[in-house]
1. For a quick check of your reading of the model, give me the residue pairs whose first member lies in segment 125-144 and is farther than 19 Å from C7 by Cα, whose second is at pLDDT below 90 and exposed (fewer than 15 other Cβ atoms within 10 Å of the Cβ), with beta-carbon atoms closer than 6 Å and at least 6 apart or on different chains.
2. Looking only at residues in segment 162-183 that are surrounded by fewer than 16 Cβ atoms within 10 Å (Cβ to Cβ) and hydrophobic (A, V, I, L, M, F, W, C), which one is nearest to L210 (Cα to Cα)?
3. For segment 140-168, give me the residue count where each residue is touching a Lys or Arg at 6+ places or on another chain (Cβ under 6 Å) and closer than 30 Å to Q75 by Cβ.
4. Among the residues that make up segment 34-51, is at least one of them under 21 Å from the mean Cα position of the chain (by Cα), among the acidic types (D, E) and not in a loop (DSSP other than H, G, I, E, B)?
5. From the set of residues in segment 38-53 that are at pLDDT 85 or above and of a type outside the set (D, E), which is farthest from W225 (Cα to Cα)?
6. Only one of I126, I112, I81 is in contact with a His (Cβ under 8 Å, 6 or more places away or on another chain), among the hydrophobic types (A, V, I, L, M, F, W, C) and not assigned by TED's automatic domain parsing to the domain that holds N177. Can you tell me which?
7. Give L118, L149, L110, L157 a once-over and let me know the one that is surrounded by 19 or more Cβ atoms within 10 Å (Cβ to Cβ), part of a loop (DSSP other than H, G, I, E, B) and in contact with a helix residue (DSSP H, G or I) (Cβ under 9 Å, 6 or more places away or on another chain).
8. For the condition farther than 18 Å from R186 by Cβ and aliphatic (A, V, I, L, M), what is the one hit in V119, V55?
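The values are calculated or read from the model by the stated rules, or taken from the named source; none is laboratory data. Because the structure is a prediction, the values reported are computed rather than measured. Every residue, glycine as well, gets a Cβ built from its backbone with ideal geometry; the counts of neighbours run over all protein chains shown.
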Amino acid sequence: MTELGLCSRREADEYIEKGWVRVDGRVISELGARVKPDQEVELDRRGQVAQDRRVTILLNKPVGYVSGQAEDGYQPASVLITEENRWAEDPSETRYLRTHHRGLAPAGRLDIDSLGLLVFTQDGRIAKSLIGDDSHIEKEYHVRVEGSLSAEGLALLNHGLSLDGEALRPAKVSWLNEDQLRFVLREGKKRQIRRMCELVGLKVVGLKRLRIGRVMLGNLPPGQWRYLGPDERF
C-alpha cells in the first residue's frame, strides 16, 4: 500500500484493522497479508476520506527551537503551532482544529540555530516523500559564511565530499553575494551544510531554508504557520 502511494505503513495497519482494504475485491483484515504483483489493492472510500482529512503545516521556524522532541531545555518548534500563531494571510480555507495536532510530526529537521521552512504533517505519504530513503526532493538554503573559499573548495561543495563515511549526493552550490552561498540539496544528513562548510574551511554564521520541492517559504513571518494548500505539491 505504501509502494502504491495509498498511505504510510502505520496508516495501512490502521485501515486494514478497520476493514477498509480490499485485495481483488475481498476485504483483508490480517496485518502482513501477502499480495501478489498482479493483484489489485483498493482503499475503501472511508480510508480515502480519512487520508484527505490529514493536514500538513508549514512553519517558519525561528532560531532557538528544535525540530523534534524537546531537548537540553529547548522547546520543540511544534509549540508555535497554535491558533494565535496562524498566519493572517494563510490562503487555505481549512479551519483550525485541535485534532490537527494528533499524529502531527516534523517531516525533516532544521537545526536549533537555523531558521526557515519546516514541515509538519499527519500524512504518511508526504512524510515518506520528504524524508524517505529514496527521496530526491530538493531543499534550498541561503547560508551566510565566514572564511575564504577557493574554486576547488566550491567544486567540492557541489560534489566530492563525504560525511559519516558516505559520499554525498551531488549538490548545487553557488555564491549569492560576497558572504552568502545558495545550497540546493537532495538529502538531509544531520547538520549537513555546516559540516560540509567546515570541510572546505568555512564557518556558517547563518542558515535559512527557503524551499522544499515546489513549496516556498515566501512571505510567511518567523514564528507563524499556514496550511499546505490543496493545490500545492512538494
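1. none
2. The initial filter retains those residues of segment 162-183 that are surrounded by fewer than 16 Cβ atoms within 10 Å (Cβ to Cβ), namely 162-167, 169-170, 172, 174-180, 182.
Right, trim to hydrophobic (A, V, I, L, M, F, W, C) and you get 163, 167, 175-176.
Values: L163: 24, A167: 25, W175: 16, L176: 14 Å.
In this case the residue turns out to be L176.
3. In the first step, residues of segment 140-168 are kept if they are touching a Lys or Arg at 6+ places or on another chain (Cβ under 6 Å); the result is 140-142, 146-147, 163.
Then drop every residue that is not closer than 30 Å to Q75 by Cβ, which leaves 140-142, 146, 163.
Here the count works out to 5.
4. For segment 34-51, residues under 21 Å from the mean Cα position of the chain (by Cα), among the acidic types (D, E) and not in a loop (DSSP other than H, G, I, E, B): absent.
5. Q39
6. Checking each option against the conditions leaves just I81.
7. On the way: L118 fails: part of a loop (DSSP other than H, G, I, E, B); L149 fails: surrounded by 19 or more Cβ atoms within 10 Å (Cβ to Cβ); L157 fails: part of a loop (DSSP other than H, G, I, E, B).
One residue alone meets the criteria, L110.
8. Values: V119 fails: farther than 18 Å from R186 by Cβ.
Unique residue meeting the criteria: V55.
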